[in-house]
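**Student:** I have a structure I would like to understand better, so I am pasting it below and will then ask my questions one at a time.
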Amino acid sequence: MLWLLNSAPTVDGDVQELIVEDDETFQLIQNLGGRPGPAAVEALRAVRDDLHRVIRGTDDTGALQRHLRGVVGRPELTEGGVTWQPDFSGADEVSARVVLAWSDLATRLPGRVRACANSECSKFLIDHSRPGSARWCSMAECGNRLKARRHSARRSTV
Ligand SMILES: [Zn+2]
């Protein structure tokens with residue numbers, strides 16, 4: 001999930017699109033039950049962009065609803081009772097599976113998936129820290145850089 005969220009990083013001020021028609025993306029699409037090709041690449045970008053807006057709070061979770069269109073639950077009776085298995089046959093399986101994975105993550109770690117606090121960075125983080133106060137996609141990439149910048153800004157005002 002984090003790879004998908006971070007598949008449009010900002011490098012030197014420009015957003016780099018990492019979801020392109022290459023072996024890595026096609027493998028991911030195949031793993032998500034899709035058929036590799038331009039349409040699946042577009043679908044993957046679209047659901048990622050919707051997730052970005054939802055996580056940043058510029059859109060509500062309703063923005064993800066369209067990706068679940070056509071998904072139905074199929075009951076499966078086991079020793080432990082009925083469980084519901086998603087049936088993707090009438091849906092765009094790639095983007096639907098992404099939304100289900102996101103839902104699972106957001107349920108297990110509520111509020112712990114967020115955008116990096118560096119405004120020049122477009123990456124995301126999953127906060128596994130005990131206090132839930134992680135702010136950077138990585139300390140090496142963004143945390144230390146901003147701390148150093150703040151430190152030199154303080155020094156220059158003295
Ligand atoms: Zn960052």
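The values are calculated or read from the model by the stated rules, or taken from the named source; none is laboratory data. Since this is a predicted model, take the numbers as computed values, not measurements. Methodologically, a virtual Cβ is constructed for each residue, glycine included, from the backbone with ideal geometry; neighbour enumeration extends over all protein chains shown. Just the protein is used for accessible areas: all its heavy atoms, side chains included, with ligands, DNA and RNA removed. Shrake-Rupley method; radii C 1.70, N 1.55, O 1.52, S 1.80 Å.
**Student:** Ranked from the most accessible area to the least, with a 1.4 Å probe and all protein chains present, what is the order of Arg69, Arg97, Arg130?
**Tutor:** Largest to smallest exposure gives the sequence Arg130, Arg69, Arg97.
**Student:** Over the range 37-103, what is the mean sequence separation of C-alpha contacts under 8 Å (at least six apart), divided by residue count, expressed as relative contact order in percent?
**Tutor:** Relative contact order here is 31 percent.
**Student:** In what sequence, highest mean first, do 36-44, 53-61, 71-79 appear when ranked by Cβ atoms within 10 angstrom?
**Tutor:** 36-44, 53-61, 71-79
**Student:** Averaged per residue, what accessible surface does the chain expose to a 1.4 Å probe, in Å²?
**Tutor:** For the chain, the solvent-accessible area averages 62 Å² per residue.
**Student:** Students often get this wrong: which residues of the range 96-140 have the backbone nitrogen under 12 Å from the point 7 angstrom along Cα-to-C-beta of Asp59?
**Tutor:** No residues fall inside that zone.
**Student:** How many angstrom lie between the Cα centre of the range 1-52 and the Cα centre of the range 133-147?
**Tutor:** Each part's Cα centre sits 24 Å from the other's.
**Student:** For Lys147, Lys123, what's the largest-to-smallest order of accessible area, 1.4 Å probe?
**Tutor:** Result, largest first: Lys147, Lys123.
**Student:** Output wanted: per-residue J couplings in Hz (rounded whole) for the range 16-28, from phi through Karplus 6.51 cos²θ - 1.76 cosθ + 1.60, θ = phi - 60°, x for Gly and Pro.
**Tutor:** These are the phi-based 3J(HN,Hα) values: 9, 8, 9, 8, 10, 7, 9, 4, 4, 5, 5, 5, 4 Hz.
**Student:** Still on this structure, I have one more. Return the Rg/Rh value of the range 58-141, two decimal places, where both radii are evaluated on C-alpha atoms and Rh is the Kirkwood radius.
**Tutor:** 1.10
**Student:** Counting helices only, and only those DSSP H runs with n ≥ 4, report the 222 nm mean residue ellipticity of the chain as the sum of -39,500 (n - 2.57) divided by its residues, in deg cm²/dmol to the nearest 500.
**Tutor:** Mean residue ellipticity at 222 nm (helix-derived): -12500 deg cm²/dmol.
**Student:** Another question, if that's okay. Could you grab the Rg to Rh ratio for the chain? Cα atoms only, Kirkwood for Rh.
**Tutor:** Result for the chain is an Rg/Rh of 1.07.
**Student:** Give me the dipole magnitude in Debye, nearest 20, for the chain about the Cα centre, with unit charges on the beta carbon: positive for Lys and Arg, negative for Asp and Glu.
**Tutor:** Details: 21 positive and 21 negative charges, 248 e Å.
Dipole about the Cα centre, nearest 20: 1200 debye.
**Student:** Ok, one more. With unit charges on the beta carbon (Lys/Arg positive, Asp/Glu negative), name the residue among Trp136, Ser122, Ala153 whose Cα is farthest towards the positive pole of the charge dipole of the range 110-158.
**Tutor:** Ala153
**Student:** Also, quick follow-up: Can you give the local net charge around Cys142? Use residues other than it whose beta-carbon is closer than 9 angstrom to its beta-carbon, Lys and Arg +1, Asp and Glu -1.
**Tutor:** +1
**Student:** When the Kirkwood radius is taken over all Cα pairs of the range 91-135, what Stokes-Einstein diffusion coefficient follows at 20 °C and 1.002 mPa s, in µm²/s?
**Tutor:** Working: Rh = 11.9 Å.
Answer from the Stokes-Einstein relation: 181 µm²/s.
**Student:** Jot down the per residue volume, in cubic angstrom and as a whole number, of the convex hull over the alpha-carbon atoms of the range 110-158.
**Tutor:** Taking the convex hull of the Cα positions in the range 110-158, it is 86 Å³ per residue.
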